[in-house]
1. Taking 0.36 nm per residue of separation and subtracting the Cα-Cα distance, what length does fully extending Ser183 through Met252 add?
2. Based on the alpha-carbon gyration tensor of the range 1-118 and its eigenvalue square roots a ≥ b ≥ c, which shape applies: rounded if a/c is under 1.5, prolate if not and a/b is larger than b/c, or oblate?
3. Here are some pairs, Lys30/Lys78; Lys30/Lys236; Lys76/Lys164; Lys16/Lys76; Lys16/Lys111; which of them have Cα atoms lying more than 19 Å apart in this structure?
4. In degrees, nearest 10, range 0 to 90: what is the angle between the Cα axis of helix 99-110 and the longest Cα principal axis of the chain?
5. Please give me the summed charge of the neighbours of Pro225: other residues whose Cβ is under 11 Å from its Cβ, Lys and Arg +1, Asp and Glu -1.
6. So, with a 1.4 angstrom probe, what is the percent of accessible area on the range 3-265 that is carbon and sulfur?
7. With a 10 Å radius around each residue's Cβ, average the other Cβ atoms per peptide and rank 106-119, 189-202, highest first.
8. Taking H placed 1.01 Å from N in the peptide plane, check which residues at least 5 places from Ser89 or on another chain put their amide H under 5 Å from its amide H.
Amino acid sequence: MTQIIVVTSGKGGVGKTTSSAAIATGLALKGHKTVVVDFDIGLRNLDLIMGCERRVVYDFVNVINGEANLNQALIKDKRCPNLFVLPASQTRDKDALTKEGVGKVLSDLSKDFEFIICDSPAGIETGAMMALYFADTAIVTTNPEVSSVRDSDRILGMLQSKSKRAEEGLEPVKEYLLLTRYSPARVTTGEMLSVEDVEEILAIPLIGVIPESQAVLKASNSGVPVIMDQESDAGKAYSDSVARLLGEELPMRFVTEVKKGFLKRIFGS
């Protein structure tokens, strides 16, 4: 049974596309045939983070409009045989996505893939609403700051009222919280909300905490999903998140401040 997973948020710049790429790659590395679909029509960043921007010939909108078939538009990842990318169009308007068109593409993808990851644009405009409408599972991505968490709460309201599952009276969309750019040191100084603060506000299960890390920027710039950098804390945290998504129970890492030892405090790292 295919799972359609939307990676969403109310606010831009919280790491949705980074998270979509990492989660899709993590699922594929665990042997699950996975496709990640870019719903951000007009902007298109997923192909850059996946390192396949030069290989885009046809896109999501071409498939919806019948200008190309899925086989022509899907890009197979060079590093992972189970992973495919369906890029967004850079030249079309967001209104190019129709409920019927998106539904047909997702239905066709469901015949071949175990997981469909929908990389949603921020907010509640057309692309975002299309991405969440068909979801079985939502990974609500937020930074530990008040405005980001507040906007994520609004997205939860949309999932509970405007999704296909809500319309048809089916079992609700499964909701998970992914906390990104987390810094325990800044929590200690009161600069950002703690994990517990965010959990209390949103009241949905926590699937992962991704620490603030230069590895994320480095990975994005090099076109390699950060989950493939298992030397970095961010890469390890995304791997943990994928494992939890698949039902494993793991302790939450990177949520407490690492205290420097006596010698480090004197001589530095």
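1. Separation in residues times 0.36 nm, less the Cα-Cα distance, equals 23.4 nm.
2. Cα axes put the range 1-118 in the rounded bin.
3. Exceeds cut-off: Lys76/Lys164; Lys16/Lys76; Lys16/Lys111.
4. 80
5. Net local charge, Pro225 excluded: -1.
6. It is 49 percent, rounded to a whole number.
7. Per-residue mean Cβ counts within 10 Å order the peptides as 106-119, 189-202.
8. Gly42, Phe60, Val61
The values are calculated or read from the model by the stated rules, or taken from the named source; none is laboratory data. Because the structure is a prediction, the values reported are computed rather than measured. Glycine gets a Cβ as well: all are built from the backbone with ideal geometry, and neighbour counts include every protein chain shown. Heads up: the accessible areas ignore ligands, DNA and RNA and are worked out on the full protein's heavy atoms, side chains in. Shrake-Rupley method; radii C 1.70, N 1.55, O 1.52, S 1.80 Å.
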